[in-house]
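The values are calculated or read from the model by the stated rules, or taken from the named source; none is laboratory data. Just so we're clear, the structure is a prediction, and the values are computed from it rather than from any experiment. Because the Cβ atoms are built from the backbone with ideal geometry, glycine has one as well, and the counts that use them run over all protein chains shown.
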Amino acid sequence: MRILKDIEVTIEGKTSKLTALFNSGSSFTIMGYGRLKELFNKVQIKALIEPREAALLNGQRIIIDGYVDSQIVIDEHLIEDRIYLTKDMVKEVILEGEKKFLPDLIIGAPTLETWGLELDLKEGRIIRRGSFVI
């Protein structure tokens with residue numbers, strides 16, 4: 001399930017409006033290094049201990065090797081989450097024979113599950129379900 005939505009992201013006190021793809025099939029919340037620099041200029045990027053391989057929607061293999069911590073506002077919901085980074089992010093992919101533009105940020109299932117968020121595909125919105133379990 002996927003929803004495309006405009007959100008607000010803050011990293012190290014710098015705030016930008018982004019277009020995000022909420023993808024319940026994605027294992028990571030991820031962004032490209034290039035887009036991070038365009039939107040937030042210089043921020044401290046932390047390296048992963050070991051790079052990880054993943055795949056985009058079209059099957060393209062990418063390497064995830066860094067991250068930043070962020071505050072994300074989705075409608076009225078404020079969450080704090082890690083955004084993983086890749087140098088391999090492209091601006092568009094061919095998916096099921098159609099050219100699709102990738103958004104600034106892909107928000108994956110772990111972020112949705114951690115913060116109790118659910119995709120409402122009928123209305124194209126994000127719903128917070130229940131309270132957090134710690």
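Here are the numbers for the structure shown:
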| quantity | calculated |
| --- | --- |
| Residue that is nearest to S70 (Cα to Cα) [pool: residues in the range 85-124 that are at pLDDT below 85 and in contact with an Asp or Glu (Cβ under 7 Å, 6 or more places away or on another chain)] | L102 |
| Test for I45: is it more than 19 Å from E12 (Cα to Cα) and either modelled with pLDDT of 95 or more or surrounded by 13 or more Cβ atoms within 10 Å (Cβ to Cβ) (or both) | no |
| Residues within the range 3-18 that are modelled with pLDDT under 95 and loosely packed, with under 14 Cβ neighbours inside 10 Å, tallied | 2 |
| Scan of the range 100-118 for residues that are touching a residue at least 40 places away in the same chain (Cβ under 8 Å) and outside any helix (DSSP H, G or I), ordered by number | K100, L102, P103, D104, L105, I106, I107, G108, L117 |
| Residue list for the range 90-107, filter: out of contact with any helix residue (DSSP H, G or I) (no Cβ under 7 Å at 6 or more places or on another chain) and either closer than 26 Å to I45 by Cα or of a type in the set (A, V, I, L, M, F, W, C) (or both) | V90, K91, E92, V93, I94, L95, F101, L102, P103, L105, I106, I107 |
| Filter result for the condition that a residue is at positive phi and assigned to a loop (DSSP other than H, G, I, E, B), over G25, G59 | G59 |
| Selection within the range 74-90 - surrounded by 15 or more Cβ atoms within 10 Å (Cβ to Cβ) and either more than 23 Å from I63 (Cα to Cα) or of a type in the set (G, A, S) (or both) | I74, I79 |
| Only one of Y67, Y33 that is farther than 16 Å from L112 by Cα, of a type in the set (F, W, Y), surrounded by fewer than 18 Cβ atoms within 10 Å (Cβ to Cβ) and out of contact with any helix residue (DSSP H, G or I) (no Cβ under 7 Å at 6 or more places or on another chain) | Y33 |
